[in-house]
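Below: the structure, in C-alpha cells.
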Amino acid sequence: MTLFFHVRCMRLGDTQVSEQTMAASSETALRQTLASQGWTVLSVKAVKPVAAAPSARSQFALFCRELSTLIQAGMSVVEAVDTLSARERLSGRANGLAAELLERLQHGMSLSNALEQLPQAPAVLVAAVRAGERTSDLAQSLSDYLKFDTLVEQLRRKVISASIYPALVTSLGVGISLFLLLVVMPNFARMYTNLRGGSSGATAGMMALSQWVAQHQIVTFSGVAFVVACIAWWVWRGAARRHGLALASRIPWMRRRMDDFQLAMMYQALALMLRGGYPMTEALVVASRSALQARTATALAQALARIEQGGAVAPSLAGAGLCDEVGRRLMAAAERNGDFYLAADVVSRMHGERFELFVERLTRVVEPVLLMLVALMVGSIVVMMYLPVFDMATRLG
C-alpha cells in the first residue's frame, strides 16, 4: 500500500530546507530512500493524498505554457507572472497560482524557490525551472517540462479512454439486470401466484426470488442504493485505483506493463534534468520524485547508491531492474559519448510505446469478452424469468 508523507529535508551544504510531499510504502522506507540519496531528514508527517492532484498538475502545465509564451515575447519573469496574476484578478480568482507566485517573487525569492513552497508543485517542474535559472534559458526549460507533462498525460489518457467503453458496457448491463430484477420481475411474480402444483429447479428458484422481491421492494431498493453509494464512495476516494493497482502488481505480465508506464515517466524526467545541466546523481534524485510508485522509487534509490559509490550508470540501472538489455546498451553507449539526454529520451519513448501497445491489445481482448459476459448475464435473467411461463404452458397442455 502506498502512503503519502510531508517531508522536510536538506542536503549538506544547502542553505534552504526542502519541503515536499512524497509517496512510499512506509515512513521507514522513505527515510532509508532519502538517506541513500544524501538527504538529511528533519521531519516526516503522514498526510492524506490530495484528491485534486490531476487538476493541479493541469493547472501547473497551463501556467508553464502561458509563462513560456510571455517570456519568449520579451517579458521578464516578474512581468510575466504579474501579467498572469492580473488576468486572474480580472477573472475573479484573487488567490490563484500566479498571485501566490507573484507575492513570493516580490519578496526576493527566485521562481524555483517560489514554486518549491507550493505544496502541489511537481518536483520535476521545480528542478526544470531551477535548471533554466542556471542556464538563463527559462523558456526552454519550461518547454522541456511541458514535453514531460505531455508524455505523462498522454499515457494517462490512453488508459482512461480505453476504460470508458468497458465501463459503459458494464454499467448498461448492470442497469438492465437491476431493472429486470426490481421492476419486471415483481410483475411476473404476481402472475406466478396463480400457478398451482409444485415446481423444481430454476423455475422454483426464480419464482421464490420474484415473490420475495415483490414483497420486499423497499428493502431491495434500499440495499441496491446502499451498494451503489458504497461503490461511488470507493471510486471517489481513489481506493478503487489503489486496489486495482495492487491487484495488477500481483500479476507478473501486468506488473511488467505497469513498470513500462513508470519507467517512461522516470526516463523522461531524467532526460529533462540532464538536458538542463544536472549531473547524473542529482538528475536521478529528481526523477525519483516524478510520481513513481514506492517499488520503482526504491529500485532507483538502489541504483543511485551504486552510482555514488563509483559504479557505472548502465550496470547500476540494469542491476536495479530499471532497464532491459536494449536500455542497458543505450545507456552504456551514452556513457561513452556523453549523450545521456538522448539515450534517456529514447528509452522513455520505448517504454511509452510498449505501454500504449499493451493498452490497445488489452482493449481489443477485453471489449468482446465483456460484451459476451454482459449478454450472458442479461440473457440468463430473461430466460429464467420465462421458464415458469413455459412450465405453466406445459401444465395447461
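Taking region 64-123 as the range and being farther than 25 Å from Thr150 by Cβ and touching a residue at least 40 places away in the same chain (Cβ under 8 Å) as the test, the residues that pass are Asn113, Gln117. Flag set for Leu151, criterion: modelled with pLDDT of 80 or more and surrounded by 15 or more Cβ atoms within 10 Å (Cβ to Cβ).
Can you pull out the residues in region 53-78 that are among the hydrophobic types (A, V, I, L, M, F, W, C), modelled with pLDDT of 75 or more and either within 28 Å of Gln154 (Cβ to Cβ) or in a helix (DSSP H, G or I) (or both)? Lay out the reasoning, then the answer.
As a first pass, look at region 53-78 and keep what is among the hydrophobic types (A, V, I, L, M, F, W, C): 53, 56, 60-64, 67, 70-71, 73, 75, 77-78.
Next, from what is left, pick out any that are modelled with pLDDT of 75 or more: 60-64, 67, 70-71, 73, 75, 77-78.
Phe60, Ala61, Leu62, Phe63, Cys64, Leu67, Leu70, Ile71, Ala73, Val77, Val78 - these are the residues of region 53-78 that are among the hydrophobic types (A, V, I, L, M, F, W, C), modelled with pLDDT of 75 or more and either within 28 Å of Gln154 (Cβ to Cβ) or in a helix (DSSP H, G or I) (or both).
Answer yes or no as to whether Gln293 is in the same structural domain as Met254 (by TED's automatic domain parsing), among the polar types (S, T, N, Q) and more than 21 Å from the chain's Cα centre (by Cα). Answer is no for this residue. Here is the figure for region 125-173: residues that are hydrophobic (A, V, I, L, M, F, W, C), without any contact (Cβ under 8 Å) to a residue 60 or more places away in the chain and in the same structural domain as Met265 (by TED's automatic domain parsing) total 4.
Has region 285-293 got at least one residue that is on the phi > 0 side of the Ramachandran plot, hydrophobic (A, V, I, L, M, F, W, C) and at pLDDT below 85? Quick ask: steps written out before the conclusion?
Step one: list which residues in region 285-293 are on the phi > 0 side of the Ramachandran plot, which gives 291.
Going one step further and asking which of them are hydrophobic (A, V, I, L, M, F, W, C), we end up with 291.
If we keep only those that are at pLDDT below 85 too, we end up with 291.
Looking through region 285-293, at least one residue is on the phi > 0 side of the Ramachandran plot, hydrophobic (A, V, I, L, M, F, W, C) and at pLDDT below 85.
Scanning region 242-276 for residues that are outside any helix (DSSP H, G or I) and either outside the structural domain of Val359 (by TED's automatic domain parsing) or surrounded by 12 or more Cβ atoms within 10 Å (Cβ to Cβ) (or both) yields a single hit, Gly276. In this structure, Ala375 does not qualify as assigned by TED's automatic domain parsing to the domain that holds Leu274, modelled with pLDDT of 90 or more and in contact with a helix residue (DSSP H, G or I) (Cβ under 9 Å, 6 or more places away or on another chain).
If we only count helices (runs of 4 or more DSSP H) wholly inside region 290-367, which ones have 2 or more residues that are polar (S, T, N, Q)?
On the way: elements: 294-308, 313-319, 325-337.
Hits in region 290-367: 294-308.
Just one of Glu308, Glu356, Glu325, Glu367 is free of Cβ contacts under 8 Å to residues at least 12 places away in the same chain and either loosely packed, with under 15 Cβ neighbours inside 10 Å or in the same structural domain as Gln262 (by TED's automatic domain parsing) (or both); which is it?
Values: Glu308 fails: free of Cβ contacts under 8 Å to residues at least 12 places away in the same chain; Glu356 fails: free of Cβ contacts under 8 Å to residues at least 12 places away in the same chain; Glu367 fails: free of Cβ contacts under 8 Å to residues at least 12 places away in the same chain.
Every option except Glu325 fails the conditions.
Scanning region 220-241 for residues that are surrounded by 13 or more Cβ atoms within 10 Å (Cβ to Cβ), within 17 Å of the chain's Cα centre (by Cα) and in a helix (DSSP H, G or I) yields Trp234, Ala240.
The values are calculated or read from the model by the stated rules, or taken from the named source; none is laboratory data. Because the structure is a prediction, the values reported are computed rather than measured. Cβ coordinates were reconstructed from backbone atoms using ideal geometry, including for glycine residues, and neighbour counts include every protein chain displayed.
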